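Take a look at the structure below.
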Amino acid sequence: MQTQIPGRDTRDWMPDTRVSLWLNLAATALCFIALIPFLALYANTHNGQTSFELSGGGLLIATLVTLALIGVALVIHEGIHALVVKSTGGAPTYGAKMIGKIMPVFYVTSEGQLFTRKQFIVVALAPFVVLSVVFMVLIAPVPFGGWLVLPAAIHTGGCVG
């Protein structure tokens, strides 16, 4: 689809399967890279404690809690996009789809709204910046900060798109 702007050629872009695969690989790598500073923050603020052991029911509970925290981060992430879109005068709407038949995505859009380059960068980066700061602020002082390390890293990796 092409939108006409006087003096500019703008196009909507949708990644294909090959690009989606590369985005997934980049997201996975970024997730592992992001584990380092989040784990270091937790270790430095919790007397070097970075190991734990889970088995049986504890493993199931840990998995469910982690998935719930990732889900909450996803909802907040898209909400931040929506707030920034709204601050630019847009009317945010939410959606979900599969990209390249391999990557599910949730998104916020504002049909028909054209962003300046600066607005687009702010809309794109706001959730990464805000949630990274929130995760760091929460990981450091709270006793359950370790529970936030993996969701924080996964969120960071997910921001690659």
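The values are calculated or read from the model by the stated rules, or taken from the named source; none is laboratory data. Being a predicted model, the structure only gives us computed values, none of them experimental. Backbone-built Cβ (ideal geometry, glycine too); neighbour counts: all protein chains shown. Accessible surface is based on the protein model in full, side chains and every heavy atom, while ligands, DNA and RNA are left aside. Shrake-Rupley method; radii C 1.70, N 1.55, O 1.52, S 1.80 Å.
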Answer label for Rg/Rh (Cα atoms, Kirkwood Rh) (calculated), chosen among (i) 1.04; (ii) 1.32; (iii) 0.92: (i)
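Are there DSSP H segments in the chain that both extend 27 Å or more along their axis (alpha-carbon positions) and score a mean Kyte-Doolittle hydropathy of at least -0.5? List them, or say none. Please report the intermediate quantities before stating the final value.
Working: long enough: 17-45 (42 Å, 1.40); 57-87 (45 Å, 1.78); 117-139 (33 Å, 2.15).
Length and hydropathy pass: 17-45, 57-87, 117-139.
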Val105-Leu138 pseudo-label distance in nm [points 7 Å out on the Cα-to-Cβ vector]: 2.5
Heavy-atom surface of the chain, accessible at 1.4 Å and reported per residue (Å²): 66
Estimated vicinal HN-Hα couplings, Hz - segment 95-110 in sequence order (Karplus 6.51, -1.76, 1.60; Gly, Pro = x): x, 8, 6, 9, 10, x, 6, 9, 10, x, 9, 10, 8, 10, 9, 9
Solvent-accessible area, 1.4 Å probe, carbon plus sulfur percent, for segment 36-148: 71
Area of Phe38 that stays accessible when all protein chains are in place (1.4 Å probe, Å², to 10): 10
Charge dipole of the chain about the Cα centre (unit charges at C-beta), most positive-ward option of Ile139, Thr88, Gly100: Thr88
